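Report on the following structure.
The values are calculated or read from the model by the stated rules, or taken from the named source; none is laboratory data. Nothing here was measured: the structure is a model prediction, and the numbers come from that model. Here the Cβ positions follow ideal geometry from the backbone for every residue, glycine too, while neighbour counts run over all protein chains shown.
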Amino acid sequence: MDTYLSYIEERIAQGCRFPELIWQELKQRGYTGSRATVKNCVIRLLFPVGKAPLFQPPVRTMPCPSARRVFGWLVGWRKLAVDEPKSADHERFVQALCKIEPMVGEVRSFAREFLGLMQRRSPRQFDRWLKRLSRCDAVEMRRFAQSLRADLSAVRAAFKLPWSNGQTEGHVNRLKFLKRQMYGRASIELLRLRVMKPN
């Protein structure tokens with residue numbers, strides 16, 4: 001461990017506080033020791049006995065938001081911003097997130113563009129967007145592109161036709177919710193009563 005001590009100190013000075021990540025980096029540099037040894041070393045360096053800790057936890061200026069709320073901020077979904085006057089804080093949060101992980105910025109751009117295409121109903125621009133999405137660095141976005149291609153005729157119809165299956169999906173969602181509430185303990189007759197006579 002002494003051979004790699006200076007590297008660990010350097011990484012901590014750079015702001016890395018994750019023993020797991022440091023252990024992975026040390027393995028790439030030839031370290032053959034255990035993960036627990038690296039963890040103990042990092043903890044000793046961060047919190048030396050009888051001395052002031054090297055690492056002061058950052059002061060959180062806002063509560064940690066849910067993934068759904070962050071998604072709303074990322075794509076600029078106004079419905080999620082109701083009763084949230086601190087839009088400057090949200091924008092700072094999004095900018096910091098994109099700076100920490102540039103891929104988030106790329107995904108954000110694709111998601112915002114997709115929502116705009118759906119609102120404007122532009123199938124030609126959608127085709128160009130789908131080609132670019134297939135080359136995105138994020139695996140999840142490439143999977144999303146594959147799922148869109150698998151059902152391309154339905155996706156194109158969504159751009160052209162005025163109808164929506166939102167009402168059907170709502171009823172399916174309600175049925176699943178009722179089913180989960182009963183945890184399989186009730187018969188189909190009770191489920192039928194709850195669906196047909198909700199009051």
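Taken over region 143-155, the residue count meeting the criterion of being in contact (Cβ under 8 Å) with a residue 12 or more places away in the chain and basic (Lys, Arg) is 1. Can you name every residue in region 156-173 that is touching a residue at least 12 places away in the same chain (Cβ under 8 Å) and surrounded by 10 or more Cβ atoms within 10 Å (Cβ to Cβ)? Those that are touching a residue at least 12 places away in the same chain (Cβ under 8 Å) and surrounded by 10 or more Cβ atoms within 10 Å (Cβ to Cβ): Arg156, Ala158, Phe159. Inspect all residues belonging to region 177-184 and state whether any of them is closer than 30 Å to Arg132 by Cα, of a type in the set (Ser, Thr, Tyr) and out of contact with any His (no Cβ under 6 Å at 6 or more places or on another chain). Scanning region 177-184, I find no residue that is closer than 30 Å to Arg132 by Cα, of a type in the set (Ser, Thr, Tyr) and out of contact with any His (no Cβ under 6 Å at 6 or more places or on another chain), so the answer is no. Scan region 150-165 and give yes if some residue there is under 30 Å from Cys64 (Cβ atoms) and more than 20 Å from the chain's Cα centre (by Cα), otherwise no. The answer is no, given that none of the residues of region 150-165 is under 30 Å from Cys64 (Cβ atoms) and more than 20 Å from the chain's Cα centre (by Cα). Being among the acidic types (Asp, Glu), more than 30 Å from Ile188 (Cα to Cα) and assigned to a helix (DSSP H, G or I): is that true of Glu140 here? Yes. The number of residues in region 164-199 being of a type outside the set (Gly, Ala, Ser) and in a loop (DSSP other than H, G, I, E, B) comes to 6.
Would you confirm whether or not region 150-171 contains a residue that is touching a Pro at 6+ places or on another chain (Cβ under 6 Å), of a type outside the set (D, E, K, R) and within 27 Å of Ser122 (Cβ to Cβ)? Yes: region 150-171 contains one or more residues that are touching a Pro at 6+ places or on another chain (Cβ under 6 Å), of a type outside the set (D, E, K, R) and within 27 Å of Ser122 (Cβ to Cβ). Taking the conditions exactly as written (part of a helix (DSSP H, G or I), outside the structural domain of Glu106 (by TED's automatic domain parsing), in contact (Cβ under 8 Å) with a residue 12 or more places away in the chain and in contact with a helix residue (DSSP H, G or I) (Cβ under 8 Å, 6 or more places away or on another chain)), does Leu133 satisfy them or not? When the stated conditions are applied, Leu133 does not pass them. Of the residues making up region 82-95, just one is surrounded by fewer than 13 Cβ atoms within 10 Å (Cβ to Cβ) and modelled with pLDDT of 85 or more, namely Gln95. For first residues located in region 1-23 and surrounded by 11 or more Cβ atoms within 10 Å (Cβ to Cβ), partners that are in a loop (DSSP other than H, G, I, E, B) and polar (S, T, N, Q) and lie 6+ apart or on another chain with Cβ distances below 9 Å form the pairs Trp23/Ser34.
Whenever a residue of region 89-109 is farther than 12 Å from Trp73 by Cα and without any contact (Cβ under 8 Å) to a residue 60 or more places away in the chain, its partners that are outside any helix (DSSP H, G or I) and of a type outside the set (Gly, Ala, Ser), lying with C-beta atoms within less than 7 angstrom and at least six residues away or across chains, give the pairs Met103/Asp137; Glu106/Cys136; Glu106/Asp137.
Among the residues of region 94-117, which ones are of a type outside the set (D, E, K, R), within 14 Å of the chain's Cα centre (by Cα) and more than 15 Å from Arg142 (Cα to Cα)? Correct list: Val94, Leu97, Cys98, Ile100, Pro102, Gly105.
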